[in-house]
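K.L.:
Right, I'll just put the structure down here and ask away after.
Rule-based calculations on the coordinates, nothing more; no lab input. Given the structure is predicted, the values throughout are model-derived calculations rather than measurements. Virtual Cβ from ideal backbone geometry, glycine too; neighbours counted across all protein chains shown.
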Amino acid sequence: MKLLVCISKTPDTTSKISFVNNGTQYNEEGISFIMNPYDEWYALVKAIEIKEKNGGTVTVINVGDASNDIVIRKALAIGADDAIRVDGKPTSAEYVAKQIAHIAKQQAYDIIFTGKETIDYNGSEVGPMVAELLDYDYFAFASDLSIDGSKKTVSREIEGGVEITTSTNPIVVSAAKGLAEQRIPNMQGIMMSKRKPLEIVNPIAVAEKVSVKIHTLPEAKKGVKLVDSNDMDELVRLLHEEAKAL
Amino acid sequence: MSVLIVIEAVEGKLNKGAFEICTYGYKTSKVLGTTCEALIIGDAHNATEVGKYGVANALQIGNISFDSKVFTQIIAKTANDLGADTIIFRHNSTAKNVAGRLAIRMDAGLVSGVKSIPQANGNTLLVDKSVYSGKAIATYEINSPVKVLTVMGNTIQPEIVGEAAIVTLSSTPIPASTTQVIERKTITGIVPLPEAEMVVSAGRGMKGPENWAIIEELASEIGATTACSRPVADAHWRPHHEHVGQTGVAIRPNLYFAIGISGAIQHLAGVNSSKTIVVINKDPEAPFFKAADYGVVGDLFEIVPKLTEAIRRFKQH
Ligand SMILES: Cc1cc2nc3c(=O)[nH]c(=O)nc-3n(C[C@H](O)[C@H](O)[C@H](O)COP(=O)(O)OP(=O)(O)OC[C@H]3O[C@@H](n4cnc5c(N)ncnc54)[C@H](O)[C@@H]3O)c2cc1C
């Protein structure tokens, strides 16, 4: 099986978020960046598991500049075989999806993985866009995937449960909890990752349809109103009269 | 040049989430000086009610199995036939499977997870969405002629503005599916977490799964859905579908009770957009109090039953 895993680089979850240049730009100062957790824990590891079981190759692809090589090397250390970096500036999901589809078109991958969303722009958009560009079937928020010949059986999260679907076509899946378990790269993996191929390719031009005009910080909470633990009637009154929540 | 909302029937009817999108679509159509039309997917006995929330014209297709390609093709064809150029979904599992495909197919700009009514700015639209797991808000501009939005639950409350609509059966042919749905497993009888208006959530402070009765009693008293923190699900004290937070389900209810949960950043990432947050914790320094609207410091095993009692008294009046 030819497997492709789309990975992105995001600020660590615990990062303090601020913006510069009048709110147009994310302030990267002092921020540590990581591989987007869903890409790393679920998408990448699932692809490696499939390769271990069914044979094949796992390629990772990232759209971004050379500062992303560190997360790409980590993916190689965890167990991907090779990597492609499209040397462009990932300004929108459409931009990223079109770069990935452009490369994937020439390769006939059986399964393309993304994470369920990135933890920065929380879009869940790249996967379905790649699927449409390649005319693949698509399953968002997959929590289980099994393979039997060309038949893939996918469980995807829906409101209050899961739906299980089969497809014999090439598929794109976005990976959610349950699909696989996080793997920590070992020393051997880290050593090997340095010798694995990382191909750098130029981006194609994409006309942007959406852009972020400004970032703002949410209104700070007014501060917690503490209620005496012996006076739950008061809490109920506040929730009813003040918050209008009951 | 109209607005098209895409809504789905759940268990034979349109629910409040669908009517929120009707109101959102209606308000958007007013901003754009046009009308709001609806495509209803699945059989719903209350389909005509969309008119009350401002939908001028509704098309309905019967129950069909989910396939992202099929849904995309039907929606694109419907939008083209109607001349709709702003297509709106609720940000739910269908939208997560379809909106990106549709944007590519219709060469449209997509913003997903929107939480404001659009503002028109010449030919472009401005919308806000939460980014960085709720830690910031980004204002997006969409400059393409066709636009696709997916809207967060609870962005707007349904508002009655008119009369019931006439619902016409859609004549769009259903393309053949290349995938096969073999099973659909959903919990029944309770509102799923992403749709819930009220959520009672509990964490490791509960000490063990045997103590959950007080949580369930509080939830059932107010008709809330129960949730839990990650370690609680990992320890199998509660089922995995209850796990909220960064790695679990992201929710946005009107009212969120956090009981015996410390308020780690990964937990907050999935719940901090809740309208009103009530924290019950014995540790006055618990980080959750910083994100709370109301707080009670003390032992949850004493407080929660008293709270349930107080709600019962309140409901009797
Ligand atoms: C990458 C990553 C992703 C994660 N994703 C998630 C996620 O999606 N969701 C999530 O929830 N967590 C997530 N976590 C874990 C998170 O960091 C916290 O460890 C977790 O939320 C803590 O759960 P808790 O609040 O239930 O437990 P604790 O942190 O142990 O807190 C228990 C709280 O209960 C209080 N308490 C104890 N006894 C009582 C009593 N009798 N009465 C009142 N209060 C009492 C204590 O004061 C304490 O504040 C993630 C962590 C990582 C590293």
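K.L.:
If you scan segment B:109-125, which residues turn out to be in contact with a Lys or Arg (Cβ under 7 Å, 6 or more places away or on another chain) and within 10 Å of chain A (Cβ to nearest Cβ)?
P.N.:
B:Gly109, B:Val111, B:Gly113, B:Leu125
K.L.:
Right, next: Looking at segment B:257-287, which of the residues that are near the ligand (Cβ under 10 Å from one of its atoms) and β-branched (Val, Ile, Thr) is surrounded by the most Cβ atoms within 10 Å (Cβ to Cβ)?
P.N.:
It comes out as B:Ile261.
K.L.:
Let me ask something else. Of all residues in segment B:214-235 being within 13 Å of chain A (Cβ to nearest Cβ) and outside any helix (DSSP H, G or I), which is farthest from the ligand (Cβ to nearest atom)?
P.N.:
In this case the residue turns out to be B:Gly223.
K.L.:
Every residue in segment A:93-118 that is of a type in the set (Gly, Ala, Ser), more than 10 Å from chain B (Cβ to nearest Cβ) and in contact with a Gly (Cβ under 9 Å, 6 or more places away or on another chain), please.
P.N.:
A:Gly115 - this is the single residue of segment A:93-118 that is of a type in the set (Gly, Ala, Ser), more than 10 Å from chain B (Cβ to nearest Cβ) and in contact with a Gly (Cβ under 9 Å, 6 or more places away or on another chain).
K.L.:
Restricting attention to segment B:288-306, and to residues there that are within 12 Å of A:Leu238 (Cβ to Cβ) and outside any loop (DSSP other than H, G, I, E, B), which single residue is farthest from the ligand (Cβ to nearest atom)?
P.N.:
Here the answer is B:Tyr294.
K.L.:
Checking A:Tyr121 against (1) more than 9 Å from every other protein chain (Cβ to nearest Cβ); (2) of a type in the set (Phe, Trp, Tyr); (3) not in a strand (DSSP E or B), which test does it fail?
P.N.:
Here A:Tyr121 clears every test but (1).
K.L.:
Of the conditions (1) touching a strand residue (DSSP E or B) at 6+ places or on another chain (Cβ under 8 Å); (2) near the ligand (Cβ under 7 Å from one of its atoms), B:Thr247 clears all except one; give me its number.
P.N.:
Failed condition: (1).
K.L.:
Does at least one position in segment B:194-207 carry a residue that is within 27 Å of B:Ile117 (Cβ to Cβ), within 14 Å of chain A (Cβ to nearest Cβ), in a loop (DSSP other than H, G, I, E, B) and without any contact (Cβ under 8 Å) to a residue 40 or more places away in the chain?
P.N.:
no
K.L.:
Can I ask one more? Which of the residues that make up segment A:20-70 are out of contact with any Phe, Trp or Tyr (no Cβ under 9 Å at 6 or more places or on another chain), within 16 Å of the ligand (Cβ to nearest atom) and closer than 15 Å to A:Leu179 by Cα?
P.N.:
Once the filter is applied, which keeps residues that are out of contact with any Phe, Trp or Tyr (no Cβ under 9 Å at 6 or more places or on another chain), within 16 Å of the ligand (Cβ to nearest atom) and closer than 15 Å to A:Leu179 by Cα, segment A:20-70 yields A:Pro37, A:Tyr38, A:Glu40, A:Trp41, A:Val45.
K.L.:
Scan segment B:236-262 for residues that are touching a residue at least 24 places away in the same chain (Cβ under 8 Å) and either on the phi > 0 side of the Ramachandran plot or not in a strand (DSSP E or B) (or both) and report the count.
P.N.:
Count: 15.
K.L.:
Which number in (1) in contact (Cβ under 8 Å) with a residue 60 or more places away in the chain; (2) over 27 Å from A:His240 (Cα atoms); (3) within 9 Å of the ligand (Cβ to nearest atom) marks the one condition that B:Asn211 misses?
P.N.:
For B:Asn211, the failing item is (3).
K.L.:
Which number in (1) crowded, with 24+ Cβ neighbours inside 10 Å; (2) in contact with a Pro (Cβ under 7 Å, 6 or more places away or on another chain) marks the one condition that B:Cys36 misses?
P.N.:
Answer for B:Cys36: the failing condition is (2).
K.L.:
Would you pick out the residues in segment A:46-65 that are free of Cβ contacts under 8 Å to residues at least 40 places away in the same chain and within 27 Å of A:Pro203 (Cα to Cα)?
P.N.:
A:Asp65
K.L.:
Can you tell me which residues in segment B:266-295 are of a type in the set (Phe, Trp, Tyr) and under 18 Å from A:Asn230 (Cα atoms)?
P.N.:
Result: B:Tyr294, single match.
To keep it simple, each residue is scored yes or no on (1) among the aromatic types (Phe, Trp, Tyr); (2) facing chain A (nearest Cβ under 8 Å).
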| residue | (1), (2) |
| --- | --- |
| B:Ile265 | no, yes |
| B:Gly270 | no, no |
| B:Asn281 | no, no |
| B:Ala286 | no, no |
| B:Ala291 | no, yes |
| B:Tyr294 | yes, yes |
| B:Gly298 | no, yes |
| B:Phe301 | yes, no |
| B:Arg313 | no, yes |
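K.L.:
Among the listed residues A:Ala97, A:Ala75, A:Ala93, A:Ala108, which satisfies the condition of being surrounded by 23 or more Cβ atoms within 10 Å (Cβ to Cβ) and within 21 Å of A:Ile48 (Cβ to Cβ)?
P.N.:
A:Ala75 is the lone residue from the list that is surrounded by 23 or more Cβ atoms within 10 Å (Cβ to Cβ) and within 21 Å of A:Ile48 (Cβ to Cβ).
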